[in-house]
Amino acid sequence: MNNKGMAGQTNNTNLVIGAVVVLIVLVVIGFMVFGMNRQTPATSVDTTADEQAALMNETPLTATVSASPLVSPSPSSTTAAMTESTKEFSVVATNFKFTPAQLRVKKGDTVHITLTNDSPMQHDWRLDEFGAKTNIITKGQTGTTTFVASKTGTFEYYCSVGNHRQMGMVGQLIVE
């Protein structure tokens, strides 16, 4: 063989060896990168949230509950105070009527209304003074709304569909 033929074979051999080395390096890097992403810190079922956060070297999330000056939470439990100030009502809509037709809450209460339509007509529940409303619903459906009774007085809630309000489909929210 002449020198040119041997030099060509050496160059080809060097290229193949170089390609194999590059491929091996890429495979090793790939295993390192993907192997690290699959590792997750193990936590025990018996650990507290603070212990788990410490294991993961994170600060636990905390929630701050602030009360308005009109609502004074119980010293024993802030959660109990929040539950006591939430009033839930189930209101049924029938032909031109809400049942119950009167709801009573205290100023500062969070009010949650669940409206159930028991009529073949569409209905909704609206209370303009607090910007509260449900979606328009058909028979068998329910709609909800939640608001804070931030002012005292007697307020009219109503159905805004067609002329239902004018036909007497109204009720009263009394905020004391």
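For residue 124, the shell of other residues with beta-carbons less than 12 Å away shows a net charge of +3, using +1 for Lys and Arg and -1 for Asp and Glu.
Across q = 0.14, 0.15, 0.23, 0.25 Å⁻¹, the range 78-175 modelled as identical point scatterers on its alpha-carbon atoms has Debye log10 I(q)/I(0) values of -0.47, -0.54, -1.15, -1.32, in the order of the q list. Candidate cross-link partners of residue 133 among the lysines, defined by an alpha-carbon separation under 27 Å and a same-chain spacing of 8 or more, comprise 87, 97, 106, 107, 151. All other residues whose Cβ lies under 12 angstrom from that of residue 169 are scored, Lys and Arg at +1 and Asp and Glu at -1, for a net of +1. Only Lys, Arg, Asp and Glu carry charge here, each on its Cβ (+1 for the first two, -1 for the last two); on that basis the range 78-175 has a dipole of about 100 debye about its Cα centre. Other residues with beta-carbon under 14 Å from the beta-carbon of residue 93 carry, at +1 per Lys or Arg and -1 per Asp or Glu, a net charge of +3.
Every number in this text was worked out from the coordinates using simple rules, so none of it is lab data. Predicted, not measured: the structure shown is a model, and the values here were computed from it. Don't worry about glycine lacking a Cβ; one is built from the backbone with ideal geometry, like all the others, and counts go over all protein chains shown.
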